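Here is the structure we will look at.
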Amino acid sequence: MRFRSAVSACFVSLVGFAQIAPSDSLFNTDQVVTVNITFADPNFWNTLTTYYDNDLGETLTGSVTITDLTGTFTYDSIEVDLKGNSSYSHPGNKKSFKIDFNDNIGGQKYHGMRKVHFNNCWNDPTFMREKIFFDYCEAEGVRAPRVAYANIYMNGTLWGFYNLVEAVDKDFLDRHIDDTAGNLFKASDNFGGGGGGGGGMAEGDLKWYGTDQADYYDRYELKTNETENDWTDLLNLLDMLNNADDNYLQANFPGRWKWNDLLRSLAMDNMFGNLDSYINSARNYYLYHDSSSTQWSWIHWDANMAFGSYPAMGQNALTLSPTYVASNRPLMTRIMAIQALRLDYLNRYCEVRENFTNAYLDPRIDSIRTLIEPHVSADPNKQYTLAQFTANIDGDITVQGGGGGGGGGTQTVRGLKSFITTRGNNLNGSLDCSTVGVGELASTDELGVYPSPATDRVQVRLPEGWSMNDVLLFDAVGRTIPLNASGRSVDLNGLAAGMYLLRATREGQVLSTRFQKL
């Protein structure tokens, strides 16, 4: 079952968000895959945990047979290693892990993927948080891995019921961005120490720590072009974000990004209470610098604590302000402080907000429940009971253990459907999408343009006393484009798809804003 509204499907096809890929045959249909892993080492589990506990960076060789709806696939030589931070505290031996099909045999892939991850659904009685959130991302044109399900057997023993998650690597980039030559950075898991900030846990906070790239090594990990190890592009981005004045940032920063995608991503984290992310914990995201367009893309990662499961620095995810800004998060701080960028963000929030309703999401939740409930029941190593699985779909439950740091104690786990209801009602009271695109523009001294993205025409709003004679149009590389305007309506027909800049100059004052032409 595809999880995509007609509007979103149109958006995706227009911007070329996702290319057809071999992995589509796995992820385009909800299913439970059977994975049988065999290790020659009879003490395989002790070996795997020793590698993990000692952080040796080693993997264990095995073979695997995978059965899915398209057939059965056998790989005689694959590499397996455990992964995770808080999820490693999942009780018993049900740990998250990944399989590398390509390490020993170059070019060996499963549905076109070199690697796949198997997440143990730690702290999620429903087994659905990551699946629902990432499916919604896919529907809304937000870059995130796709999720299926799998029963895992190791040396003939049922190990548990897992999420099967697409890796963010060159195969992912080839599908989503159609470019693999640029730098891909992963935000630090920040459970280590140090970093350029001078002590404490290193965070992928996007702050500026100087011109030495070594001062960022504890905060981000370069996943491509490791031999060149040139972080100049990231440092230039952080320099602009942290050190440019407001006017320069407003005029130039959006052009460095797949801008609307970035804003939609940040809004989605806020809306779903996915706070183990940049907007709160400053981790679980990737940045990719496209070598052809030179724009940056934001990619989600690890959403098992969506629906308000992560402690939000004292914040309540149910009532979180749409413009919530945690301390030391300059990306959010600058966006919210510059009115034109803030307006862009609120408009994108309203776009992704449209389908965040029980009427839209509850049938999806029910469909996945029907698919996975027998497998959850059969999982011998699940963290929570089947009764808790059932109850947590509809409402909050109280459990022992879990939490953002993997500690003990009592914890309330938000119900999926009840979270959507309460969060949606709160957003209805705090985010007026009927006026955000007009009222905020009209009440400021800023240059504004709407809608964005646009197809054939945009409307321009100017401060009182300004006219369209003050306005120029530029493309993404700074070339002046003839402005075909009738009143304050600008005709975009004949313009190529991409980002454009409107700049108005009057009596020495310069205003600018960007928009996307589809």
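The values are calculated or read from the model by the stated rules, or taken from the named source; none is laboratory data. Quick caveat, the model's predicted, so the values are computed rather than measured. Neighbour counts run over all protein chains shown; Cβ positions are idealised from the backbone, glycine included. With ligands, DNA and RNA removed, areas are computed over all heavy atoms of the protein, side chains included. Shrake-Rupley method; radii C 1.70, N 1.55, O 1.52, S 1.80 Å.
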Of the conditions (1) crowded, with 16+ Cβ neighbours inside 10 Å; (2) over 23 Å from K517 (Cβ atoms); (3) free of Cβ contacts under 8 Å to residues at least 60 places away in the same chain, L262 satisfies every one except a single condition; which number is it?
(2)
Strands (runs of 3 or more DSSP E) (entirely within segment 78-188) containing at least 2 residues that are aromatic (F, W, Y)
147-154, 157-166
Search result, residues across segment 283-330 that are more than 15 Å from the chain's Cα centre (by Cα), closer than 29 Å to S512 by Cβ and not in a loop (DSSP other than H, G, I, E, B):
H289, P330
Looking only at segment 231-256, which residues are open to solvent by less than 70 Å² (accessible area, probe 1.4 Å), closer than 22 Å to V510 by Cα and either not in a helix (DSSP H, G or I) or not small (G, A, S) (or both)?
M240, L241, N242, A244, L249, Q250, N252, F253, P254
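Across segment 157-181, what is the number of residues that are over 14 Å from H375 (Cβ atoms) and either touching a strand residue (DSSP E or B) at 6+ places or on another chain (Cβ under 7 Å) or touching a residue at least 24 places away in the same chain (Cβ under 8 Å) (or both)?
Taking segment 157-181 and keeping what is over 14 Å from H375 (Cβ atoms), we get 157, 165-181.
Within this subset, residues satisfying the condition of being either touching a strand residue (DSSP E or B) at 6+ places or on another chain (Cβ under 7 Å) or touching a residue at least 24 places away in the same chain (Cβ under 8 Å) (or both) are 165-181.
The total comes to 17.
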Can you confirm whether segment 216-229 contains a residue that is over 24 Å from S292 (Cβ atoms), open to solvent by less than 20 Å² (accessible area, probe 1.4 Å) and aromatic (F, W, Y)?
yes
Which residues, taken from segment 43-65, are more than 16 Å from N104 (Cα to Cα), at pLDDT below 95 and assigned to a loop (DSSP other than H, G, I, E, B)?
N54, D55, L56
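Could you check how many residues of segment 447-495 are part of a loop (DSSP other than H, G, I, E, B), of a type in the set (A, V, I, L, M) and open to solvent by 60 Å² or more (accessible area, probe 1.4 Å)? Can you show your working first?
Start the filter on segment 447-495 by keeping residues that are part of a loop (DSSP other than H, G, I, E, B), which leaves 447, 451-453, 455-456, 462-467, 475-479, 482-484, 487-488, 492-495.
Subset that is of a type in the set (A, V, I, L, M): 447, 462, 476-477, 483, 492, 495.
Restricting the remaining residues to those that are open to solvent by 60 Å² or more (accessible area, probe 1.4 Å) gives 476-477.
Final tally of qualifying residues: 2.
If the requirement is being over 30 Å from G160 (Cα atoms) and touching a strand residue (DSSP E or B) at 6+ places or on another chain (Cβ under 7 Å), which of these qualifies: Y324, Y349, Y384, Y345? If you could, list the steps in order and put the result at the bottom.
Details: Y349 fails: touching a strand residue (DSSP E or B) at 6+ places or on another chain (Cβ under 7 Å); Y384 fails: over 30 Å from G160 (Cα atoms); Y345 fails: touching a strand residue (DSSP E or B) at 6+ places or on another chain (Cβ under 7 Å).
Going through Y324, Y349, Y384, Y345 in turn, the sole match is Y324.
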Residues that are open to solvent by less than 10 Å² (accessible area, probe 1.4 Å) and aliphatic (A, V, I, L, M): does segment 287-302 have at least one?
yes
